[in-house]
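Have a look at the structure below before the remarks.
The values are calculated or read from the model by the stated rules, or taken from the named source; none is laboratory data. Here the structure is a predicted model, which means the values were calculated and not measured. Cβ: placed from backbone, ideal geometry, glycine included. Neighbour counts: every protein chain shown. Please note that ligands, DNA and RNA were not included when accessible areas were found on the heavy atoms of the full protein model with its side chains. Shrake-Rupley method; radii C 1.70, N 1.55, O 1.52, S 1.80 Å.
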Amino acid sequence: QVQLVESGGGLVQAGGSLRLSCSASGRAISGYAMAWFRQTPGKNREFVTAIGPNFGSTMTADSVKGRFTISRDNAKNTVYLRMNNLKTEDTAVYYCAAHRSGNYYYASNYDLWGQGTQVTVSS
C-alpha cells in the first residue's frame, strides 16, 4: 500500500516561514513527478508547485513564485515545500500528490494523494 504523509503545517504569522514535508512509503517516488496543491473551503484544489522526477525541472504558480520552493530527497523518499514570506491568503490545507500523466496543473492528473496538512497564516 503506497501512502503519502504530509507534515510541517501549523500556525504562523504573516511574513514567516514553514517547511512542509511529504514522506512516501510502500513505493519509491524517485520516478514520479510530485506536486503540492492547496485547498480552502468551498474551492477546488489549486496547483502550487511541481518537481519532475529525479531532480527534474520545477514549475510554480505565479501566486507563490519567488516565495515557495519545492525540492526532493529521493534517498529519503520525501518531497519538501519551503514557504517563505507567507501571506494570509496562503492559508489552506496543503496536499502532496504523485503525478500520473498529463498537465501538471490539473489535480485530476494525479493518482496518489496525502491526507493534507493545515497551514494557517495570521495577520
For Asn85, the lone unmet condition from (1) in contact (Cβ under 8 Å) with a residue 60 or more places away in the chain; (2) within 12 Å of the chain's Cα centre (by Cα) is (2)
query = Got at least one residue in the stretch 64-78 being of a type outside the set (Asp, Glu), in contact with a Phe, Trp or Tyr (Cβ under 6 Å, 6 or more places away or on another chain) and buried (at least 17 other Cβ atoms within 10 Å of the Cβ)?
reply = no
Checked against (1) open to solvent by 50 Å² or more (accessible area, probe 1.4 Å); (2) part of a loop (DSSP other than H, G, I, E, B); (3) hydrophobic (A, V, I, L, M, F, W, C); (4) modelled with pLDDT of 95 or more, Leu86 satisfies every condition except (1)
Considering the stretch 1-21, residues that are in contact with a Lys or Arg (Cβ under 9 Å, 6 or more places away or on another chain) and of a type in the set (A, V, I, L, M, F, W, C), and then whichever is surrounded by the fewest Cβ atoms within 10 Å (Cβ to Cβ), we arrive at Val2
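This table checks each residue for (1) under 16 Å from Val5 (Cβ atoms); (2) among the aliphatic types (A, V, I, L, M).
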{"site": "Ala61", "(1), (2)": "no, yes"}
{"site": "Lys65", "(1), (2)": "no, no"}
{"site": "Thr78", "(1), (2)": "yes, no"}
{"site": "Leu86", "(1), (2)": "no, yes"}
{"site": "Tyr94", "(1), (2)": "yes, no"}
{"site": "Tyr105", "(1), (2)": "no, no"}
{"site": "Asn109", "(1), (2)": "no, no"}
{"site": "Trp113", "(1), (2)": "yes, no"}
{"site": "Thr120", "(1), (2)": "no, no"}
Conditions (1) under 19 Å from Ser21 (Cβ atoms); (2) open to solvent by less than 20 Å² (accessible area, probe 1.4 Å) -> Ala61 fails only (1)
Only unsatisfied item for Ala75, checking (1) within 11 Å of Leu20 (Cβ to Cβ); (2) without any contact (Cβ under 8 Å) to a residue 40 or more places away in the chain, is (1)
Selection from the stretch 107-123 of residues surrounded by 14 or more Cβ atoms within 10 Å (Cβ to Cβ) and part of a loop (DSSP other than H, G, I, E, B) yields Gly114, Gly116
In this structure, does Ser25 turn out to be surrounded by fewer than 15 Cβ atoms within 10 Å (Cβ to Cβ), among the polar types (S, T, N, Q), in contact with a strand residue (DSSP E or B) (Cβ under 8 Å, 6 or more places away or on another chain) and in contact (Cβ under 8 Å) with a residue 12 or more places away in the chain? yes
